[in-house]
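The values are calculated or read from the model by the stated rules, or taken from the named source; none is laboratory data. Note that the coordinates shown come from a computational prediction; the quantities given were computed from them, not determined experimentally. Keep in mind that these areas ignore ligands, DNA and RNA; they rest on the heavy atoms of the full protein, side chains included. Shrake-Rupley method; radii C 1.70, N 1.55, O 1.52, S 1.80 Å.
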Amino acid sequence: METDIKKRSIAILGSTGSIGTQALEVVRNNPERFEIYALTANCQVDLLIAQAIEFQPEVVVIADERHYETLKAALSHLPIKVWAGADAIAQVVESE
């Protein structure tokens, strides 16, 4: 019996931390069940860039605004919105 599984769109807050990377491993192993809407990180910009390239979320947010230009430049070839700061993280949390 075949069941239709609806993909869940999720945001991973703190995607570069230990819990965030474990959550992304679950997504990686279950691509038919999950898609990433947003990834956020505090300051680990290099890992966040790699995650964004792999998972292609709609939005990526770096809390530490000093890393915004690096993140924006690295993802400029992709259709990903790049935001920075605490207010941007709050917007991700409040979005549907």
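Using a 1.4 Å probe and counting only protein heavy atoms, arrange Arg66, Arg8 so the residue with the most accessible area comes first. Show your work: numbers first, answer last.
Numbers: Arg66 195, Arg8 160 Å².
The ranking, largest first, comes out as Arg66, Arg8.
Express in nm, to one decimal, how much length is gained between Lys81 and Ile5 on full extension, taking 0.36 nm for each residue of separation and deducting their alpha carbon distance. Walk me through the numbers on the way to the answer.
Details: separation 76, 0.36 × 76 = 27.36 nm, distance 2.74 nm.
Length difference between fully extended and current span is 24.6 nm.
Averaged per residue, what accessible surface does the chain expose to a 1.4 Å probe, in Å²? Intermediate results must be reported in sequence, preceding the final value.
Details: 6150 Å² over 96 residues.
Heavy-atom SASA per residue in the chain reads 64 Å².
Kindly write out, for region 34-44 in residue order, the coupling ³J(HN,Hα) from the Karplus curve 6.51 cos²θ - 1.76 cosθ + 1.60 (θ = phi - 60°), rounded to whole Hz, with x marking Gly and Pro.
Running phi through 6.51 cos²θ - 1.76 cosθ + 1.60 with θ = phi - 60° gives 9, 9, 8, 8, 8, 10, 10, 8, 7, 8, 7 Hz.
Ignoring ligands, DNA and RNA, please state the percent of accessible area on the chain from carbon and sulfur, probe 1.4 Å. List each step's numbers first, then the result.
Details: 3110 of 6150 Å².
Heavy-atom surface of the chain belonging to carbon and sulfur, 1.4 Å probe: 51 percent.
For n ≥ 4 DSSP H runs only, could you compute -39500 (n - 2.57) per run for the chain, divide by its residues and tell me the 222 nm figure to the nearest 500?
On the way: 4 runs with 39 residues, N = 96.
It comes out at -12000 deg cm²/dmol, rounded to the nearest 500.
Can you give the relative contact order of region 22-96 as a percent, counting alpha carbon pairs under 8 Å and 6+ residues apart? Write down the numbers at each step before the final one.
Values: 91 pairs, mean separation 20.4, N = 75.
Computed value for region 22-96: 27 percent relative contact order.
Quick one: length gained pulling Ser18 to Asn42 fully straight, 0.36 nm per residue minus the C-alpha distance? If you can, show how the numbers build up before the last one.
Values: separation 24, 0.36 × 24 = 8.64 nm, distance 1.29 nm.
Full extension from Ser18 to Asn42 adds 7.4 nm.
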